[in-house]
Amino acid sequence: MNLTTLWRVLWRNRFQVAPRYWDRLLYLTCMAGINSVLACFERRCNEEKIKGTKPVAPPIFIIGCWRSGTTHLHNLLSLDENFTTPTYYQVMFPHHFVYTQPWAMAIFNYLSPAKRPMDNMAIGARAPHEDEFALAALSTVSPYRQVLFPGSGDNGFAALDPARLKPEDLEKWKAAFLHFVEKLSFSKDKRIVFKSPPHLGRVRLLLDLFPQAKFIHIYRNPYKVYLSMRHLWQSGFSFSHLQVPDPETVEENILSWYTELYSLYEHDRGLIPAGSLVEVKYEDLVSNPRESLQNIYATLGLPGFDNFWRRVAPYLESQKHYRKNTYRLDPAAIAKVRQRWGPTFARYGYDLSCTDCR
């Protein structure tokens, strides 16, 4: 965030920061000051060039709940030379990346951890990353605000359903997204591939902004999603809290976010024009990546699959020794997931018996 957005979110949460996290607030304040200064340089040097830059083609949105394989698919599609993706650096510094990325990426790589804490996937300034972080910093409207303020929940600004936002806040989010698209298009004149779990509930909104957008929905065994989301809150989101989370609230967030996102998606998926939506099973993508990716390209009418695959095959070979985290699901959790997420099991053909809940 910059100083303006940081002040805004602190004010609406009544500065309720737990004493144990005052060091985090100090860090955020220092970074916000740096971001504000560098944003001034970008406005002075680049704003006129950025303004009005149009994307070369309608964007592609990878949608799916957290821990459903969206990152893996995003990494794969980033290997297509026809596409560009938001990078770690760009989403972490959305206020000034056009101005600073030519010289600051090396500093970012030096200071940042080598891997993500929740799944050991590599981190780098140029690696693909989800645009939600940029939108949260630019607009202060995002479900991730509830990660920052798990106690107060950021008082409605973390709503998953765009219809639950105040009209002025929704317009602020739209303006932030369109400006971010301008900056990405200015930085690299290629078709943009976005991925953000909250986009699963924004199909109607995204079609309003980009009527010809393409969508790739990736889904995964709900039991595995639940286990991995629980780990995400414990080992990933926990680094961002400014309030002490209540375990029961976190558990409810995991369960309710999933059901609400899928309810919104099922309600609006029919709005997507024929040939603009493809659904991919994560397990199929892992076991038979060529067939799954070829189906994506064929269904969406994307060109250049053979050239793309020649770049994907060596990448997949390099990932052969990557090991996923493993967890065990207890009987009480199994019962909760069955009760709350049962319709998704049926919709996507997964077995409720949980024969392999690990």
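The values are calculated or read from the model by the stated rules, or taken from the named source; none is laboratory data. None of the values given here were measured: they were computed from a predicted structure. Every residue, glycine among them, receives a Cβ derived from its backbone with ideal geometry; neighbour counts consider all protein chains shown.
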Some residue of the stretch 40-61 being surrounded by 15 or more Cβ atoms within 10 Å (Cβ to Cβ), closer than 25 Å to Asp154 by Cβ and in contact with a helix residue (DSSP H, G or I) (Cβ under 7 Å, 6 or more places away or on another chain): yes
Residues being over 14 Å from Val181 (Cα atoms) and of a type in the set (A, V, I, L, M) - total across the stretch 130-154: 5
Which listed residue is outside any loop (DSSP other than H, G, I, E, B), free of Cβ contacts under 8 Å to residues at least 60 places away in the same chain and within 17 Å of the chain's Cα centre (by Cα), from Leu184, Leu205, Leu232: Leu205
Where Phe157 falls short, out of the listed (1) under 26 Å from Arg191 (Cβ atoms); (2) in contact (Cβ under 8 Å) with a residue 40 or more places away in the chain: (1)
The lone exception for Glu248 - which of (1) more than 17 Å from the chain's Cα centre (by Cα); (2) within 28 Å of Phe177 (Cα to Cα) it fails: (2)
Given (1) surrounded by 15 or more Cβ atoms within 10 Å (Cβ to Cβ); (2) more than 17 Å from Ser276 (Cα to Cα); (3) more than 15 Å from the chain's Cα centre (by Cα), number of the condition Ser256 does not satisfy: (1)
Only listed residue being in contact with a helix residue (DSSP H, G or I) (Cβ under 9 Å, 6 or more places away or on another chain), among the aromatic types (Phe, Trp, Tyr) and surrounded by fewer than 17 Cβ atoms within 10 Å (Cβ to Cβ), chosen from Trp66, Trp7: Trp7
Subset tally (residues that are under 15 Å from the mean Cα position of the chain (by Cα) and surrounded by fewer than 21 Cβ atoms within 10 Å (Cβ to Cβ)) for the stretch 122-143: 4
Neighbours by Cβ (under 8 Å, 6+ apart or cross-chain): first from the stretch 249-275, farther than 17 Å from Thr344 by Cβ; second modelled with pLDDT of 95 or more and assigned to a helix (DSSP H, G or I): Leu271/Val203; Leu271/Arg204; Leu271/Leu207; Ile272/Val203; Ile272/Leu207; Gly275/Thr299; Gly275/Leu300
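Starting from residues that are in contact (Cβ under 8 Å) with a residue 12 or more places away in the chain and of a type in the set (D, E, K, R), keep the ones in the stretch 39-83 and report whichever is farthest from Ser276 (Cα to Cα). Before the answer, list the steps.
Just the residues of the stretch 39-83 that are in contact (Cβ under 8 Å) with a residue 12 or more places away in the chain, to begin with: 39, 41-42, 45-46, 49-83.
Now narrow it down to the ones that are of a type in the set (D, E, K, R): 42, 49, 51, 54, 67, 80-81.
Details: Glu42: 35, Lys49: 31, Lys51: 28, Lys54: 20, Arg67: 23, Asp80: 19, Glu81: 21 Å.
Filtering first and then ranking leaves Glu42.
Taking the condition closer than 25 Å to His217 by Cα and in a helix (DSSP H, G or I), does Thr100 pass?
Working: closer than 25 Å to His217 by Cα: no; in a helix (DSSP H, G or I): yes.
It is false that Thr100 is closer than 25 Å to His217 by Cα and in a helix (DSSP H, G or I).
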Extreme residue, nearest to Glu266 (Cα to Cα), among residues of the stretch 189-202 that are modelled with pLDDT of 95 or more and not in a helix (DSSP H, G or I): Arg202
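Aliphatic (A, V, I, L, M), under 30 Å from Leu277 (Cα atoms) and either in contact with a Ser or Thr (Cβ under 6 Å, 6 or more places away or on another chain) or not in a loop (DSSP other than H, G, I, E, B) (or both) - does that describe any residue in the stretch 84-92?
Checked the stretch 84-92: at least one residue is aliphatic (A, V, I, L, M), under 30 Å from Leu277 (Cα atoms) and either in contact with a Ser or Thr (Cβ under 6 Å, 6 or more places away or on another chain) or not in a loop (DSSP other than H, G, I, E, B) (or both).
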Counted residues, the stretch 36-49 - those being touching a Ser or Thr at 6+ places or on another chain (Cβ under 9 Å) and over 17 Å from Leu184 (Cβ atoms): 3
Any chance Lys49 is assigned to a helix (DSSP H, G or I) and among the basic types (Lys, Arg): yes
Flag if Arg328 is of a type in the set (Lys, Arg), touching a Lys or Arg at 6+ places or on another chain (Cβ under 6 Å) and over 22 Å from Pro198 (Cα atoms): yes
